[in-house]
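The values are calculated or read from the model by the stated rules, or taken from the named source; none is laboratory data. Nothing here was measured: the structure is a model prediction, and the numbers come from that model. Neighbour counts are summed over all protein chains in view; Cβ atoms, including those assigned to glycine, are modelled from backbone coordinates with ideal geometry. Calculation scope for accessible area: heavy atoms of the full protein, side chains included, ligands and nucleic acids excluded. Shrake-Rupley method; radii C 1.70, N 1.55, O 1.52, S 1.80 Å.
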Amino acid sequence: MAFGVRFMSKNIGLDLGTANVAISIAGQGVALREPAMVAVKVEPRREVVAVGEDAKTMLGRTPEAIRAVRPMNEGVIADFDAAQLMIKYLLQKANDFSVPIFKPRVVVCVPYSITPVERRAVLEAVRNAGARSVHIVVEPMAAAIGAGLPVGDAKGCMVVDIGGGTSEIAVISMNGIVTAGSVRCGGQKMDEAIINYLRNEYNLLVGERTAEEVKIGIGSAISTRRRESAQVHGRDLITGLPHTVAITNEQITEALHEPLSVIVNALRNCLENTPPEIAADIMESGIYLTGGGALLSGMDILVANATGMPVVLSEQPLDCVALGAGILAADVPRLKVITSQAEDWK
Ligand code: ADP
Ligand code: MG
């Protein structure tokens, strides 16, 4: 019996990101993080060939009959069937709950600016994947909890989650959102900016995987004295042949300027709407950065320069949202407080 009870109490945090899906099991930490991607065979009928990491390797390399699909776009479900399959597959991979009694309670995170229709789609997709119960929490709240911020205190704290499709900003106090902002701009817009830069400057066409590799490899949010360069392989748009160019970190910083200023402006707006007492608290505790975009070199300095506030890079930026959701899944009273607060401002 004790065996059954232990399994029944499994609670899960699900971060359904645009770039990555992360799943945490309460008390155990992050069990899985994989690219939010599905490879589907279209002919003769729609059939899933690979999910997650396996599907990402296929991106841009698939034969015509197989398509690599991103079920999530800008933080919301873009392809419902693919999303549902992906959620089901990854939940099962993280924790086998095919036996009904092991069905977990799932806390799933959504962007702050999600519409009621988009919200319902997430609820339905997770329910159909076999969850016992599903609760929705906004991403920046989960990110703050996962980063270890004292969100229940009467003091204010601030978190910026820079994901693949969206960046979420929130000022939190007493388990509620005081001010928040959400822009549909994140890591993918940065990759696109690099693709456009290479096309405009060198007539070089590169795919999104290559652009992301360059960004992670030598990208920086601010200019530095460090000099680095990378060889970028692509296709010459004039000759149509494979071509390689050398690009420097300075050039990538220039290319990233526009998407980064969208994020920084949203952050400034949010601070402008923050009550002065709470702004003073944040001045003390610092702005916490989470999400994969926080790992961009110099991101913390960019935010510090733009706001004049201290900035803290959270310890596991890619895992904060899933960890926070997992903590809430295991703490129903706190989950209730947070979701009921959420109803007030929805
Ligand atoms: P989401 O929550 O939308 O799935 P994540 O928080 O998982 O997004 O972050 C994914 C994004 O972070 C991707 O766009 C990826 O390119 C970017 N990223 C990951 N690591 C780094 C890094 N070291 N430098 C810059 N960007 C990074
Ligand atoms: Mg995210």
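Here are a few things to note about the model shown:
- Filtered residues of the stretch 255-297 (kept if closer than 24 Å to residue 192 by Cα, away from ligand 1 (no atom under 16 Å from the Cβ) and open to solvent by 10 Å² or more (accessible area, probe 1.4 Å)): 261, 265, 268
- Boolean, residue 81 is open to solvent by 70 Å² or more (accessible area, probe 1.4 Å), acidic (Asp, Glu) and either in contact with a helix residue (DSSP H, G or I) (Cβ under 8 Å, 6 or more places away or on another chain) or modelled with pLDDT of 95 or more (or both): no
- Residue within the stretch 329-343 that is within 16 Å of residue 168 (Cβ to Cβ), more than 16 Å from ligand 2 (Cβ to nearest atom) and of a type in the set (Ser, Thr, Tyr) present: no
- Sole residue being under 18 Å from residue 39 (Cβ atoms) and in contact with a helix residue (DSSP H, G or I) (Cβ under 8 Å, 6 or more places away or on another chain), chosen from 136, 87: 87
- Among residues of the stretch 101-151, those that are part of a loop (DSSP other than H, G, I, E, B), away from ligand 1 (no atom under 16 Å from the Cβ) and open to solvent by less than 40 Å² (accessible area, probe 1.4 Å), counted: 6
- Candidate set: the stretch 188-208, residues that are touching a strand residue (DSSP E or B) at 6+ places or on another chain (Cβ under 7 Å) and not hydrophobic (A, V, I, L, M, F, W, C); chosen: the one nearest to ligand 2 (Cβ to nearest atom): 199
- Residue 87 being open to solvent by less than 20 Å² (accessible area, probe 1.4 Å) and in a loop (DSSP other than H, G, I, E, B): no
- As a summary of the residue check, residue 195 satisfies the conditions (1) within 16 Å of ligand 1 (Cβ to nearest atom); (2) in a strand (DSSP E or B); (3) surrounded by fewer than 22 Cβ atoms within 10 Å (Cβ to Cβ) except for the one numbered (2).
- Comparison of 167, 182 shows that the only residue that is closer than 30 Å to residue 58 by Cα, in contact with a strand residue (DSSP E or B) (Cβ under 7 Å, 6 or more places away or on another chain) and either small (Gly, Ala, Ser) or open to solvent by less than 10 Å² (accessible area, probe 1.4 Å) (or both) is 167.
- Scanning the stretch 152-171 for residues that are in contact (Cβ under 8 Å) with a residue 40 or more places away in the chain and away from ligand 2 (no atom under 16 Å from the Cβ) returns 152, 155, 156, 157, 158, 171.
- Selection of the stretch 242-252 for residues being of a type in the set (S, T, N, Q) and either open to solvent by 20 Å² or more (accessible area, probe 1.4 Å) or closer than 29 Å to residue 157 by Cβ (or both) yields 244, 248, 251.
- For the stretch 41-84, a residue qualifies if it is part of a loop (DSSP other than H, G, I, E, B) and either within 16 Å of ligand 2 (Cβ to nearest atom) or in contact with a Cys (Cβ under 6 Å, 6 or more places away or on another chain) (or both), and the qualifying residues are 52, 70, 71, 74, 75, 78.
- Residues within the stretch 218-231 that are without any contact (Cβ under 8 Å) to a residue 24 or more places away in the chain, open to solvent by less than 50 Å² (accessible area, probe 1.4 Å) and not hydrophobic (A, V, I, L, M, F, W, C), tallied: 0
- Within the stretch 232-241, being open to solvent by 60 Å² or more (accessible area, probe 1.4 Å) and within 28 Å of the chain's Cα centre (by Cα) holds for one residue alone: 233.
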